[in-house]
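J.: Pasting a structure below so you can have a look.
The values are calculated or read from the model by the stated rules, or taken from the named source; none is laboratory data. Fair warning: this is a prediction, and the values are worked out from it, not measured in the lab. Methodologically, a virtual Cβ is constructed for each residue, glycine included, from the backbone with ideal geometry; neighbour enumeration extends over all protein chains shown. Areas reflect the complete protein model, heavy atoms only, side chains present, ligands, DNA and RNA absent. Shrake-Rupley method; radii C 1.70, N 1.55, O 1.52, S 1.80 Å.
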Amino acid sequence: MSIDIYVRLIVERQLRKGRPIVRVPKAQAEHNRAHIVATAARLFRERGYDGVGVAELMADAGFTHGGFYRHFRSKADLMAEASASGLAQTAARAEGLDPAEFVERYVSREHRDGCGDGCTIAALSGDAARQPADIRTEFAAGIENLLTALQAQSDTPGDADQRATRPMVIDMLAHSVGAVML
């Protein structure tokens, strides 16, 4: 059955049941998707990937469970996108901070206590390691972006060996993430 015939049958069925057919403008659909991703990122950081069901997530975002599949093929797709979003937020917060400022903010009581708004790395690294490859790939890319941003703030112009800075930045990030996790 072609898509056009299928859509027409669904529209006719909805009209027979007295339900209006409401079309959501593309801009609104994109806004809705971004809101779902942001809600998922927060809930996943708070409770882990397996601690949040699709129905609960959609209800928290203010949508019906059935609307989920208009935006995502699966929960794993949303998990990957939410991870990428959360990791990008962490990298954005680190921009412009020198290493000492980053550590001070990262290892703060406020950051520790606000896991829903905190760092995706600290909240979900353990879960991410056991997830499908696309989620692990997003994590690796997000961590690499954060390391690159932190290293850019650590490097001083004229450094003879910028590669020497990378292990120090990795060490700083690992200690900071570990401190928040503990």
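J.: In nm, what is the difference between 0.36 nm times the number of residues separating Arg130 and Ala92 and their Cα-Cα distance?
T.: On the way: separation 38, 0.36 × 38 = 13.68 nm, distance 2.60 nm.
Result: 11.1 nm gained on full extension.
J.: Right, here's the next one. Report Met168's accessible area, 1.4 Å probe, all protein chains in place, as a number in Å² to the nearest 10.
T.: Using a 1.4 Å probe on the heavy atoms, I get roughly 120 Å².
J.: Can I ask one more? Can you give me the solvent accessible area of His71 with a 1.4 Å probe, rounded to the nearest 10 Å²?
T.: 40
J.: To continue, here is another question. Per the Debye formula with a single identical scatterer at each Cα and no solvent contribution, what log10 I(q)/I(0) holds for region 83-162 at q = 0.13, 0.15, 0.18, 0.20 Å⁻¹?
T.: -0.44, -0.57, -0.78, -0.91
J.: Carbon and sulfur atoms: what percent of the 1.4 Å accessible area of region 24-182 do they account for?
T.: Values: 4670 of 8690 Å².
Percent of accessible area from carbon and sulfur atoms in region 24-182: 54.
J.: Here's another thing I want to ask about it. Convert 20 °C to kelvin, take the viscosity as 1.002 mPa s, use the Kirkwood radius over C-alpha pairs of region 26-177 as Rh, and evaluate the Stokes-Einstein diffusion coefficient in µm²/s, rounded to a whole number.
T.: Details: Rh = 16.4 Å.
Value of D from the Cα-based Kirkwood radius: 130 µm²/s.
J.: Nearest 0.05, what FRET efficiency do Ala59 and Ala141 give at R0 = 25 Å with Cβ-Cβ as r? Kindly include the intermediate steps, with their values, before the conclusion.
T.: Working: r = 30 Å, r/R0 = 1.21.
After rounding, the FRET efficiency stands at 0.25.
J.: Taking the Cα centre of region 33-182 as the origin and placing charges on Cβ (Lys, Arg +1; Asp, Glu -1), which of Ala128, Val169, Tyr69 is farthest toward the positive end of the dipole?
T.: Tyr69
J.: Also: Using 10 Å bins from zero, what percent of all Cα-Cα pairs in region 39-81 falls into each bin?
T.: Computed distribution, short to long bins: 30, 65, 6.
J.: Right, here's the next one. Hey, if we sort Arg33, Arg73, Arg130, Arg93 by accessible area with the 1.4 Å probe, largest down, what's the order? Mind showing how you got there, number by number?
T.: Numbers: Arg33 75, Arg73 195, Arg130 175, Arg93 115 Å².
These residues rank, largest area first, as Arg73, Arg130, Arg93, Arg33.
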